[in-house]
1. Go ahead and run the numbers for FRET between ASN71 and GLU23, Cβ-Cβ distance against an R0 of 30 Å, rounding to 0.05.
2. What distance in nm separates the simple spin-label points at GLU107 and GLU148, each placed 7 Å from Cα in the Cβ direction?
3. Find the relative contact order for the chain and round it to a whole percent, using C-alpha pairs within less than 8 Å whose residues are 6+ positions apart.
4. Set the Förster radius R0 to 25 Å, insert the Cβ-Cβ distance between LYS123 and ASP159 as r into 1/(1 + (r/R0)^6), and round the FRET efficiency to 0.05.
5. Taking 37 °C and 0.692 mPa s as the conditions, I'd like the Stokes-Einstein D for segment 63-139 in µm²/s, using the Kirkwood hydrodynamic radius from alpha carbon pairs.
6. Give me the extension gain from SER132 to LYS99: residue separation times 0.36 nm, minus the current Cα-Cα distance, reported in nm with one decimal.
7. How big is the Cα convex hull of segment 2-187 in projection, averaged over all directions, in nm²?
8. What helices does the chain have that are whole DSSP H segments, at least 15 Å long along their own axis by Cα, and with mean Kyte-Doolittle hydropathy of 0.5 or more?
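Just so it is clear, none of the values below were taken in a lab; they were calculated from the coordinates. Keep in mind that what you see is a predicted model, and the values were worked out from it rather than measured. We place every Cβ from the backbone using ideal geometry, glycine too, and count neighbours over all the protein chains shown.
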Amino acid sequence: MINLILFGPPGSGKGTQATKLVEKYELLHISTGDLFRYEMGNDTPLGKKAKEYISKGELVPDEVTIGMLVNKVIANPDVKGYIFDGYPRNIDQAEALDKILAEMGTEVSGLISLQVDDEEIVKRILNRGKTSGRSDDNDENIIRNRIEVYKGETRPVFDFYAPRDKAFEVDGIGSIEEIFDRLCARIDQF
Ligand code: AMP
């Protein structure tokens, strides 16, 4: 199995690249952001809870997020692998992921972080906000808070996988095709 964590700050192109990677490698794309937006769209209790945090650019609490992620993984055991997009966002989530994959007899193959600087991120997300319909993409203060949360809580996940030689960086600036080729070159070494 290939179990890839596609990592990087908000707006670094994880979703765009994941869509292309799942096609090439026939993996299941699991985006916790998309799962939350689906729940919010259906106004479920989970969606209502998630909205309280997403609207402020904060992380949805682990007791909600980890359960949702684990359910999605165990509901789809017969796949060639997974691409985790937007998960894990802190160390506890990473430990929970390692645990569920170990229970399934597999493990994280690698984490690839897309490198994009802050000002480019703000520009990209504001641009995406014109069409995404996401309220968290339209307010510069919320976007900057998401970047701070990434630096404080999420970036340590890179250092969690690095000692096992599983964390890699890829330049996230360039055309979609260029970045895709860089990612594939890395994945092909897993
Ligand atoms: P994304 O689509 O990945 O940018 O996620 C949008 C928002 O959903 C984030 O800003 C968080 O509020 C929430 N979210 C997504 N994934 C997670 C996660 N793994 N842990 C906590 N919150 C998350």
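1. Once rounded, the FRET efficiency stands at 0.75.
2. 3.7 nm
3. 33 percent
4. E between LYS123 and ASP159, to the nearest 0.05, is 0.35.
5. Working: Rh = 14.8 Å.
For these conditions, the coefficient is 222 µm²/s.
6. 8.5 nm
7. Numbers: hull surface 39.9 nm².
Its average projected convex-hull area is 10.0 nm².
8. Qualifying helices: 62-74.
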